[in-house]
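Working notes, structure below.
The numbers here are math on the coordinates, done by the rules we state, and not lab data. These figures come from a predicted structure and were not determined experimentally. Cβ sites come from the backbone with ideal geometry, for glycine too, and all protein chains shown count toward neighbours.
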Amino acid sequence: MGTWPPRHLLVWDPVAREQCRLIFPPELDVDQMFIFNGAVLRPARSHGHFQVALVAHYVRADNPKRVFACLYSSENGTWSNIKSLQLQSFIASPEPSTLIGNSICWLIKEGHHHNRRYVIVEFDLDRQSLAVIELPPHIEAGISKLRIMPTEDGGLGFIDLSGFHAEIWKRKPDSDGLAVWVLDRAIEFKELSSTWKGYLFLVGFAEESNALLLKIGSALFMVYLQSMEFKKLPNMTGFHSYYPFEFCYAAGTGIGDGMVEMK
């Protein structure tokens, strides 16, 4: 929020109707620094405390493509040291972050116009480190076809949609202990292909429900991956990314009392 320094970030609890305003860390509150994604976390047994992770990059064409990340803790009211990672030319993706274990993962497109690929940027909250994880080489860049998702055992995975067919991939150690991608399962959306015409888009993923949000034309569906149950949602015109809201907090677990200024 805000155009001129010092800029601030608004953390909103829609159930408790509470807001906290956080001042950007000085290293990220500079000209042509773009905060392209973030996440709010509430650690287990945190007694109302929360964390905010931010990821940013410079928008100047002559600046090396470097990703920056940091973590705010409401318990001590401070931002962590800024971590950074060098990448090739890349485009930030509008998809929300995904929590995998104690790491936050974002999907971005790396490379140049005719040689662009998806990679995962991982921010390890324990080690306070950034890493890049490449996807299988055959995975092509496209609009609304990929989502990072946790596997059944809580590991890193993703789903790749192509037409009315999808593949779920997961990361696991091979015989030498090196992490590799393996195909977990394939899915056919036959109920949709037999009834609806047009292109199918993956527009959201609900982590706790393990459900996809799929859009075809103006029709919107929620698909629960474990049971493969389809639920028709109200139609939506236009094209949107969706952010499922899945939890209501019990009384006394809000993010603060009213509007609080924090640095």
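With both labels modelled 7 Å from their Cα along Cα-to-Cβ, the Ile91 to Glu191 distance reads 3.3 nm.
Please compare each pair in Lys83/Lys215; Lys65/Lys170; Lys170/Lys190; Lys65/Lys197; Lys83/Lys109 to a cut-off of 30 Å on the Cα-Cα distance and tell me which ones are over it. Display every interim value, and only then the final one.
Values: Lys83/Lys215 36 Å; Lys65/Lys170 28 Å; Lys170/Lys190 23 Å; Lys65/Lys197 40 Å; Lys83/Lys109 20 Å.
Flagged as over cut-off: Lys83/Lys215; Lys65/Lys197.
Can you give me the Rg/Rh ratio for region 137-241, using Cα atoms for both radii and the Kirkwood formula for Rh?
Details: Rg = 14.5 Å, Rh = 14.6 Å.
Here Rg/Rh amounts to 0.99.
Here the extension length gained between Asp174 and Asn76 equals 31.2 nm, from 0.36 nm per residue of separation less the Cα-Cα distance. Charge tally around Ser129: other residues with Cβ under 12 Å, Lys/Arg +1 each, Asp/Glu -1 each, net -1.
Counted by Cβ distance under 15 Å from Leu200, the other residues give a net charge of +2, where Lys and Arg count +1 and Asp and Glu count -1.
Please report, in whole Å³, the volume per residue of the convex hull around the C-alpha atoms of region 1-134. Display every interim value, and only then the final one.
Details: hull volume 16.0 nm³, N = 134.
Cα convex hull per residue, to the nearest whole number: 120 Å³.
Among His49, His57, sorting on how many other beta-carbon atoms sit within 10 Å of each Cβ, with the fewest leading, yields His49, His57.
Under 37 °C and 0.692 mPa s, how fast does region 108-196 diffuse according to Stokes-Einstein, given a Kirkwood radius computed over C-alpha pairs? Answer in µm²/s, whole number.
Values: Rh = 14.7 Å.
The diffusion coefficient I find is 223 µm²/s.
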